[in-house]
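The values are calculated or read from the model by the stated rules, or taken from the named source; none is laboratory data. The structure displayed is predicted, hence computed values, not measured ones. Using ideal geometry, Cβ is built from the backbone for each residue, glycine included, and neighbour counts are taken over all protein chains shown. The area values use the complete protein model at the heavy-atom level, side chains included, leaving out ligands, DNA and RNA. Shrake-Rupley method; radii C 1.70, N 1.55, O 1.52, S 1.80 Å.
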Amino acid sequence: MKNTMQSPEHGSSESPLTLTSLTEALRDQEDRLLPCVHCGFCLPACPTYVRLGDENDSPRGRLHLMKAVVEGRMSPKSKAFQTHIDRCLGCRACEPVCPSGVEYGLLLESAREVASKAGGMSFLSRALMGIMARQPWTNWFMGWARIFRWTRLPKLIARIIPKLQVLHPFRFGLAMLAATSETHLKSFTPKSSKNEKEKNDIIQVQPKGRVALLEGCVQSGLFSRVNRATERLLQVNGYEVVTVTEQGCCGALHAHGGATDSARKLAIANLKAFDSDHFDYIATNSAGCGLALKEYGHLLEHDSKHSKTAYAFSGKVRDISELLTMSNGPKVGGSIPMKVTYDAACHLCHGQGLLTEPKDLLKAIPNLEIIDLPGEEECCGGAGIYGITHGDLGVSIGEDKVNAIKNTGVDLVATANPGCIMQIGAGLILAGSTITAQHPIELLDESYRRAGYYAE
Amino acid sequence: MDTSLLREILPVKGQVLEHFGETDWSFFSRQPRAVLFPHSQEEITSVLSLANENNWNCMPAGNGTWLEGCMNTDREVNLIVSMSKMNNILVHEPDNLFVELEAGVTLEQLQVTLRPSKQWLPLDPPGKNSSTMGAIIATSSCGALQTGFGRPRDHVLGATLITGDGKTLKLGGKTVKNVAGFDLLKLLSGSWGRFGVITKLIMRLHPLPEADRTLLFSSNQAHSGTSLAHDIMHTPATLQSISILSPGLREELDSENTGVAVRILESEAAVDQVEALILERTDLLPCKRLNGSESEAFFESLKNTDTDSDVVIRIKCLPSIMKNLIHQIEALQSLVADDSLGGLQFLAHYESGILLVLIDKLKLDDDWLAQSAETLKEFRDTVEQQGGSLTLLFAPEALLKEVTPWGSLDELETLCAGLEKVFDPNQILSRSSAHRSAE
Amino acid sequence: MESLPKNLARDLKNIVGSKWVLTDRDRLLAYESDGLTAYRSIPLAVVLPESTSQVSNVFKLLSQNGIKVVPRGAGTGLSGGALAEPTSVIIGTSRMNTILELDADNRRAVVQPGVINARLSEVASPFGLYYAPDPASQSACTIGGNVAENSGGPHCLKYGVTSRYVTGLTIVTYEGQVLQLGGLGRERGSYDLVGVFVGSEGCFGIATEVEVKLLPKPEAVQTLLAIFDRIEDAGRAVTSIMARGLLPAALEIVDGATIRAVEASVFAGGYPADANAALVVEFDGIEEGLGADVQKAVSDCNNSGATEVRSAATSEERQKLWQGRKKAFGAMGRIATDLLVQDATVPRSKLPEVLLKISEIGDRYDLNIANVFHAGDGNLHPNILFDRSDSEELEKVELASTEIMKLCVAAGGTITGEHGVGHDKKSYMPLVYGIEEMKAMKKVKTVFDPHHGMNPGKVLPADI
């Protein structure tokens, strides 16, 4: 069977030349594909494989598809390549369990690039990426979204739309928007507390460092309150926060979606905006954006002009939880007597290896009861707009997460990524649950407010 | 039948035994024509070839301990091939924890040989230790120790089998891990010689434990036998056996209450700790504590409890339903002779789900057979309804025929018959077995 | 290329649902090999059923059409056991992953074959129980695959292999017949059908429900790590530990090349990178007993020339030590493009001698061989590192493998301890078995599978 059983090369209709140019992005990564020894340890870690059981929906299977494309045994236009590369959540849960250290996330981005060049991408993805790539469009889009959210209609409509397959994207999209609303924590107040004040810098004699904050598109559009809270927390914990005005989208959505060229353009724009020589750290409070920034070096590794700057930039990127937990941080806040659980955003725990740090932020809040979430490291199915584009599967993954959260009996679930807040929040809304999803930063911020750190 | 042909193959005096009357070698109401004592594998091959040519029915045996086992009901036998003269221990490699021996070696002989190296074979088949290793494996005989160490099949690393059609098969090897080819070795345990004659065995050995301790508990109102056994089983320690004894079964325990015996085989350092864990769990003090040779002797005598019984029934069930079944044994009281005191006893190995019911003296009035058979069949139904099984291990031939040793094999019949044909195409080893050879 | 007749594909889809029948050539590509990538062949189709009755109906349909079947679990096997010829259909158990019963009271569980080995222990853990056989791939491999291969693992030294823990099976034969074999709570007057089915590598039928025995978790565990300059010294330490009558839960050796690969991976176990052998000794049982055993083992290691002996103080450290050992195979991907994980056993005392000869073989063929092995039960895993694109090297790998197999058999061992024969080792079978043994094996297979439709071309050489 050895060798002789090797099937004849797949008859592909494309001319070799077109194929070559299409698959270039993956062929560049061939050295990253080789370490996979096909051991299969990644299978049980993969949310899509666990639910579908199809080897093609496992990391090993997808790597096999990538290899087949690189070897010219399969066309990147093939349905198999297109479907299964698209179906990956990009959660990277396979990376920590891989004994060979295969850099799956990076490979996936190249595969997505090849797939989108060969087969295009969905209208929705294209539209979304188009908007995010242009700051004025983003502002316009987010502005309307905020107005719509303010009407409280999204939640109402989402809950009354019938559970029909065709209506799912609409229904889920509305619920996601509704999930970005602020949670008011008044009912969890032990005694009357002071009103929140406008930001009131507490200048330390020797700041721990100069920090520039990535505003992010979804963050600034729908979660600006989290960005402001982030600034306050940094200041209370002794950092100097500097505003960077020219910054734009981090390009994560584009890189993950296969629009690598756009991602590179956005990255270069940010390199210029954040002249990293002026900062000690570049902070993010969004797991996905943070990972993308940390990978600018890799994204631009073949760009002789920018690669050095990019690596230097990436070296300064920190998640907010990293900064706040450094050197005995964060400061302890005021009491919030409620029950919460923490769900680890994939791009924090798998992508950046940060699992305990975000939880340590919650631990700085007195009287906050933290209940462990079974399967906290499993993807919630958010993955950008996966919940909308992959109805069935996204819903099934999301429902598992929602059920796990409901079973803990908490009042609130904390998670440190806007996509996850929206995915989990939407799931909870549609399940009729009163539990809300929030960024841990918001809780700590409220706790600091109660502690009087922001007082006159 | 012309035995002179056999004498040509087996020339040494005493190798072919004929006209032995009602001695040890007759079984049930049948008398084989001759008992053969081969000295080598070649002789066995020749005997089996001759038997195939002449269509003689053969049965492999050891020292003849279990000839009247239930698997032999209805077995047609012209010749018994006894392995008792092939009893050499061939290789013992203490470093590699294995021993290679001829199948006629007795368990006793083996243990004595192993003792100086501080090793043993943790098997305790019922009866005296004069049974041969070949017979123990072929009949899959084991006792209380199966809880901690497994059944005979778990101790066999390799074997040589001379099949019914005279072929020599070397199965398995010397190592614990061996997955080369299909595991035909497993088929030998419990085959009752229907596939061929086991001539050699390679057995896995264990280091002899430093400490041997038995705790004897007596049940009371608050602690029934099964609940004690249940609690002990769920002690977080590996225990080598947990047995439940009916009142009066052993004199070491009082005659009024059900007893529970737990055997701990451990290092000196750990044995007290295991005992403490058990006592913590049971919340009851043992009525006796036996150490070392006393402990060994207790279990030695326990495995001989069924030797004098008229009927031995083996029930296999999940431990959780044993409590129920022990209550229901009462239904078998009608099989016992009226003048027999304590004629109905039981011995259970709780964790292994084995419940042995012993009837010392069978009632033998006019219609005993019909009545006993009916009671047993009903009881088998009761057991099977609860997911268990009932095997009639030893009983008078008439009763065995009436009740059949075990329940229906249903769809597995074809598989079992097929396997017999693989090793014994002319069926000289399995002819007339009541349930299988039917075609 | 072969393709599945349209009407048959439709009928299969009717049984299991259209999503679970793969017939598109590009989607079948991922099924062209299992954990052993040296052999590749694209199956005719892949069917992913979810229940015994679906399997039975699928088998009926396929056998009626004379199409052969290859069962596949997680595809982590290392002998090419799940390799399917272009005319065979793969039946994957990935969707049959439910734990049907966890009966803590009777210390048993009934699971579907696609349940992952480690998950069973995880679920049993709150009850103080675990599933003892622990193949190195336990985080990914399935119980069904373990049944097929009769898998071992480091802790088999004390606890025995899979067959000791499988007490009952529901199997489906190629003809689609559903049979119940064994069962912990009953015995039938049949032969040990469970025993012979375990390790039959998918050639007899497919197990669709597996009843297993669970063990109480040991009260305490202590792990030692001894470092040696020479691998033979580690081998001698093993022999003296065993000769004392100690029965460790596991005795594992990794050699220098492996140490360096593992230490470079995310699973670094904290082994010194310049060591030439590391011996992991683990004892489990009752706390009081362990201390004395550990002391004895430490002195055995020291007397055999250990340069350093460490003990894992916390369960976290212990896990890490084991991670490094268990993930060794995957970590090899870092030091070579291709890897052949060999598997053979020898009687334990022969280890030092055999290891020396293996390294001679490596030198002679100019091949890098890294050794990881279960020293306690003499189970060797020489990992041969190579580059597939170099055809000359490929040939050398083949020759070196054959020599290693012959060496182990000559030392009183066998050609596979736990990976199975599969496709890879068929040609070595005559090294350990005569023609009669192999014929008997074939006949036994025929009893279960009269039409030879199950996992064709595996285990036995073609001319048997």
Taking the criterion of being crowded, with 20+ Cβ neighbours inside 10 Å, within 26 Å of residue B:24 (Cα to Cα) and aromatic (Phe, Trp, Tyr), would at least one residue in region B:65-81 satisfy it? yes
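Could you check, for region B:1-23, whether at least one of its residues is aliphatic (A, V, I, L, M), assigned to a loop (DSSP other than H, G, I, E, B), within 19 Å of residue B:139 (Cβ to Cβ) and more than 14 Å from chain C (Cβ to nearest Cβ)?
Quick first cut of region B:1-23, residues aliphatic (A, V, I, L, M) only: B:1, B:5-6, B:9-10, B:12, B:16-17.
Still in the running and assigned to a loop (DSSP other than H, G, I, E, B): B:1, B:10, B:12.
Going one step further and asking which of them are within 19 Å of residue B:139 (Cβ to Cβ), we end up with none.
Taking every residue of region B:1-23 in turn, none turns out to be aliphatic (A, V, I, L, M), assigned to a loop (DSSP other than H, G, I, E, B), within 19 Å of residue B:139 (Cβ to Cβ) and more than 14 Å from chain C (Cβ to nearest Cβ).
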Taking residue C:259 and the conditions (1) hydrophobic (A, V, I, L, M, F, W, C); (2) more than 12 Å from every other protein chain (Cβ to nearest Cβ); (3) part of a loop (DSSP other than H, G, I, E, B), which numbered condition does it fall short on, given that it satisfies the others? (3)
Is it true that residue C:173 is surrounded by fewer than 24 Cβ atoms within 10 Å (Cβ to Cβ), touching a helix residue (DSSP H, G or I) at 6+ places or on another chain (Cβ under 9 Å), polar (S, T, N, Q) and in contact (Cβ under 8 Å) with a residue 40 or more places away in the chain? yes
Checked pairs for region C:26-37, first basic (Lys, Arg), second surrounded by fewer than 24 Cβ atoms within 10 Å (Cβ to Cβ), C-beta under 7 Å and 6 or more apart or across chains, list as C:27/A:80
Over region B:274-305, the set of residues open to solvent by 40 Å² or more (accessible area, probe 1.4 Å), more than 20 Å from residue B:221 (Cβ to Cβ) and touching a Ser or Thr at 6+ places or on another chain (Cβ under 6 Å) is none
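Would you kindly identify the helices (runs of 4 or more DSSP H) lying entirely within region C:345-464 that contain at least 3 residues that are in contact (Cβ under 8 Å) with a residue 40 or more places away in the chain and either of a type in the set (Phe, Trp, Tyr) or more than 14 Å from chain B (Cβ to nearest Cβ) (or both)? Break it down into steps so the answer makes sense when it comes.
Details: elements: C:351-365, C:391-410, C:429-432, C:435-448.
Here the list reads C:351-365, C:391-410.
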Quick one: how many residues across region C:333-344 are closer than 21 Å to residue B:175 by Cβ and either assigned to a helix (DSSP H, G or I) or more than 14 Å from chain A (Cβ to nearest Cβ) (or both)? 3
Apart from one, (1) over 26 Å from residue B:3 (Cβ atoms); (2) within 14 Å of chain C (Cβ to nearest Cβ); (3) open to solvent by 20 Å² or more (accessible area, probe 1.4 Å); (4) part of a helix (DSSP H, G or I) all hold for residue B:45; the odd one out is (1)
Can you tell me which residue is farthest from the other protein chains (Cβ to nearest Cβ) among those in region C:3-34 that are buried (at least 22 other Cβ atoms within 10 Å of the Cβ), part of a helix (DSSP H, G or I) and in contact with a Phe, Trp or Tyr (Cβ under 9 Å, 6 or more places away or on another chain)? C:12
When residues of region A:280-332 are filtered for being polar (S, T, N, Q) and assigned to a loop (DSSP other than H, G, I, E, B), how many remain? 5
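Select the helices (runs of 4 or more DSSP H) contained entirely in region A:389-456, then report the ones holding at least 2 residues which are without any contact (Cβ under 8 Å) to a residue 60 or more places away in the chain and more than 30 Å from residue A:237 (Cα to Cα). Walk me through it before giving the result.
On the way: elements: A:391-408, A:418-430, A:440-451.
The qualifying helices (runs of 4 or more DSSP H) are A:391-408.
For region B:264-350, list the helices (runs of 4 or more DSSP H) that sit wholly inside it and hold at least 3 residues that are within 11 Å of chain C (Cβ to nearest Cβ); which are they?
On the way: elements: B:268-282, B:293-302, B:319-328.
In region B:264-350, the matching helices (runs of 4 or more DSSP H) lie at B:268-282, B:319-328.
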Given the conditions (1) within 10 Å of chain A (Cβ to nearest Cβ); (2) closer than 21 Å to residue C:451 by Cβ; (3) in contact with a Ser or Thr (Cβ under 9 Å, 6 or more places away or on another chain), which single one is not true for residue C:90? (3)
Looking at B:382, B:391, B:375, can you tell me which residue is touching a Lys or Arg at 6+ places or on another chain (Cβ under 9 Å), among the hydroxyl-bearing types (Ser, Thr, Tyr) and either on the phi < 0 side of the Ramachandran plot or touching a residue at least 12 places away in the same chain (Cβ under 8 Å) (or both)? B:391
Criterion (over 17 Å from the mean Cα position of the chain (by Cα) and buried (at least 21 other Cβ atoms within 10 Å of the Cβ)) met by exactly one of A:424, A:336, A:370: A:336
Would you confirm whether any residue within region C:244-256 is within 8 Å of chain B (Cβ to nearest Cβ) and either open to solvent by less than 10 Å² (accessible area, probe 1.4 Å) or within 24 Å of the chain's Cα centre (by Cα) (or both)? yes
Restricting region B:146-180 to residues that are more than 7 Å from chain C (Cβ to nearest Cβ) and in a loop (DSSP other than H, G, I, E, B), which is most open to solvent (accessible area, probe 1.4 Å)? B:151
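Residue-by-condition table, conditions (1) in contact with a strand residue (DSSP E or B) (Cβ under 6 Å, 6 or more places away or on another chain); (2) farther than 23 Å from residue C:159 by Cα; (3) hydrophobic (A, V, I, L, M, F, W, C):
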position: B:101; (1), (2), (3): yes, yes, yes
position: B:108; (1), (2), (3): no, yes, no
position: B:113; (1), (2), (3): yes, yes, no
position: B:126; (1), (2), (3): no, yes, no
position: B:134; (1), (2), (3): yes, yes, no
position: B:152; (1), (2), (3): no, no, no
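From the list C:114, C:81, C:153, which residue is farther than 30 Å from residue C:279 by Cβ, open to solvent by less than 20 Å² (accessible area, probe 1.4 Å) and within 10 Å of another protein chain (Cβ to nearest Cβ)? Give the steps one after another, and end with the answer.
Details: C:81 fails: within 10 Å of another protein chain (Cβ to nearest Cβ); C:153 fails: farther than 30 Å from residue C:279 by Cβ.
One residue alone meets the criteria, C:114.
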For region B:230-247, indicate whether the set of residues that are open to solvent by less than 10 Å² (accessible area, probe 1.4 Å) and part of a helix (DSSP H, G or I) is non-empty. yes
Of the residues in region C:339-354, those that are under 22 Å from the mean Cα position of the chain (by Cα) and open to solvent by 10 Å² or more (accessible area, probe 1.4 Å) come to C:339, C:340, C:341, C:348
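Going by the conditions given, is residue A:100 facing another protein chain (nearest Cβ under 7 Å) and open to solvent by less than 10 Å² (accessible area, probe 1.4 Å)? Walk me through it before giving the result.
Values: facing another protein chain (nearest Cβ under 7 Å): yes; open to solvent by less than 10 Å² (accessible area, probe 1.4 Å): yes.
Against the criterion (facing another protein chain (nearest Cβ under 7 Å) and open to solvent by less than 10 Å² (accessible area, probe 1.4 Å)), residue A:100 qualifies.
Open to solvent by 10 Å² or more (accessible area, probe 1.4 Å) and among the small types (Gly, Ala, Ser): is that true of residue C:53 in this structure? Working first, answer last.
Details: open to solvent by 10 Å² or more (accessible area, probe 1.4 Å): yes; among the small types (Gly, Ala, Ser): yes.
Against the criterion (open to solvent by 10 Å² or more (accessible area, probe 1.4 Å) and among the small types (Gly, Ala, Ser)), residue C:53 qualifies.
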Some residue of region A:339-351 being surrounded by fewer than 17 Cβ atoms within 10 Å (Cβ to Cβ), of a type outside the set (Phe, Trp, Tyr) and more than 30 Å from residue A:113 (Cα to Cα): yes
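This table checks each residue for (1) within 11 Å of chain B (Cβ to nearest Cβ); (2) open to solvent by 30 Å² or more (accessible area, probe 1.4 Å).
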site	(1), (2)
C:263	no, yes
C:277	no, no
C:280	no, no
C:285	yes, no
C:289	yes, no
C:296	yes, yes
C:299	no, yes
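Does residue B:143 satisfy the condition of being out of contact with any Leu (no Cβ under 9 Å at 6 or more places or on another chain), assigned to a loop (DSSP other than H, G, I, E, B) and within 25 Å of residue B:59 (Cβ to Cβ)? Write out each step before concluding.
Values: out of contact with any Leu (no Cβ under 9 Å at 6 or more places or on another chain): no; assigned to a loop (DSSP other than H, G, I, E, B): yes; within 25 Å of residue B:59 (Cβ to Cβ): yes.
No: the conditions fail for residue B:143.
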